[in-house]
Every structure is written in structure tokens, then in C-alpha cells.
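S.K.: What follows is a single structure, and I will ask about it in a moment.
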């Protein structure tokens with residue numbers, strides 16, 4: 001009977017009004033869930049490593065390495081205008 005009272009308490013928290021036939025159906029599902037949780041509670045998890053993802057993830061990206069690909073002076077030779085090692089562009093804000 002206390003399980004039925006728990007269903008009633010859940011019903012009140014969720015602000016539902018369930019007919020008695022639906023309460024008995026929910027009671028059956030709660031019994032299945034309770035049995036499953038009891039099985040889970042009996043599993044020995046001592047020494048189990050915490051799991052963040054369901055599969056093992058490995059970084060598939062390359063390592064970040066600083067390398068100088070293009071010489072700045074060579075790059076600036078293609079610019080219409082440059083000044084002090086930077087591209088010079090028209091002013092857009094006054």
C-alpha cells in the first residue's frame with residue numbers, strides 16, 4: 001500500500017490526476033524499475049574507473065606545433081601596401 005501512496009505523491013508533485021486504472025499500470029512499471037535498480041545496486045563497482053563517455057575517445061587531431069611557414073617579408077611583397085611589417089588597409093572608422 002505504501003507504494004501506491006508513493007504513486008499518489010508523485011502524481012501530486014507532477015500535478016496529474018490519474019484514474020485508478022492508470023495508477024495500477026504505473027505501479028507495475030515502478031515494480032519493474034525497482035527490481036532493475038535492485039539488480040544494479042548488487043553490482044560490485046569497487047575499483048571501477050569513472051566513465052564519462054560510453055566509448056573511448058582519442059584525439060584524432062595533430063599536435064599543435066609552432067612552425068614558421070611563410071616568411072613575413074615574402075608575404076608582404078604581395079600586398080598593395082604595407083607598413084612596419086603589417087598590411088596597410090584603408091581606414092574604415094573615423
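What follows is calculated from the coordinates using simple rules that are stated; it is not laboratory data. Keep in mind it's a predicted model, so treat the numbers as computed, not measured. Positions of Cβ are generated from backbone atoms using ideal geometry, with glycine treated the same way; all protein chains shown enter the neighbour counts.
S.K.: Can you give the extra length, in nm with one decimal, that the chain gains between residue 88 and residue 72 once fully stretched, where that is 0.36 nm per residue apart less the Cα-Cα distance?
M.R.: Numbers: separation 16, 0.36 × 16 = 5.76 nm, distance 1.39 nm.
My answer for the length gained is 4.4 nm.
S.K.: Moving on to the next point. Would you order 26, 55 from fewest to most other beta-carbon atoms within 10 Å of each residue's own beta-carbon? Intermediate values should be presented prior to the final figure.
M.R.: Numbers: 26 16, 55 6.
Placing the least packed residue first, the sequence is 55, 26.
S.K.: Based on the Kirkwood radius over alpha-carbon pairs, what is the Stokes-Einstein translational diffusion coefficient of the chain at 4 °C with 1.567 mPa s viscosity, in µm²/s?
M.R.: Numbers: Rh = 21.6 Å.
In µm²/s, the coefficient is 60.
S.K.: List 89, 60 from most exposed to least, where exposure is judged by having the fewest other Cβ atoms within 10 Å.
M.R.: Details: 89 10, 60 5.
With the sparsest Cβ surroundings first, the list reads 60, 89.
S.K.: Now a separate question. Subtracting the Cα-Cα distance from 0.36 nm times the residue separation, let me have the gained length for residue 36 to residue 9 in nm, one decimal. Mind dumping the intermediate values first?
M.R.: Details: separation 27, 0.36 × 27 = 9.72 nm, distance 2.16 nm.
Full extension of this stretch gives 7.6 nm more.
S.K.: Running a GNM on the chain with Cα contacts under 10 Å, which residue among 76, 51, 18 ends up with the highest mean-square fluctuation?
M.R.: In this elastic network of the chain, the residue with the biggest mean-square fluctuation among 76, 51, 18 is 76.
S.K.: Follow-up. Please report, to one decimal in angstroms, the Kirkwood hydrodynamic radius of the stretch 2-41 built from all distinct Cα-Cα pairs.
M.R.: Values: mean 1/r = 0.0936 Å⁻¹.
After inverting the mean inverse Cα-Cα distance, the result is 10.7 Å.
S.K.: Quick check on the exposure proxy: order 77, 8 from fewest to most C-beta atoms within 10 angstrom.
M.R.: Numbers: 77 9, 8 12.
Ascending Cβ contact count within 10 Å gives the list 77, 8.
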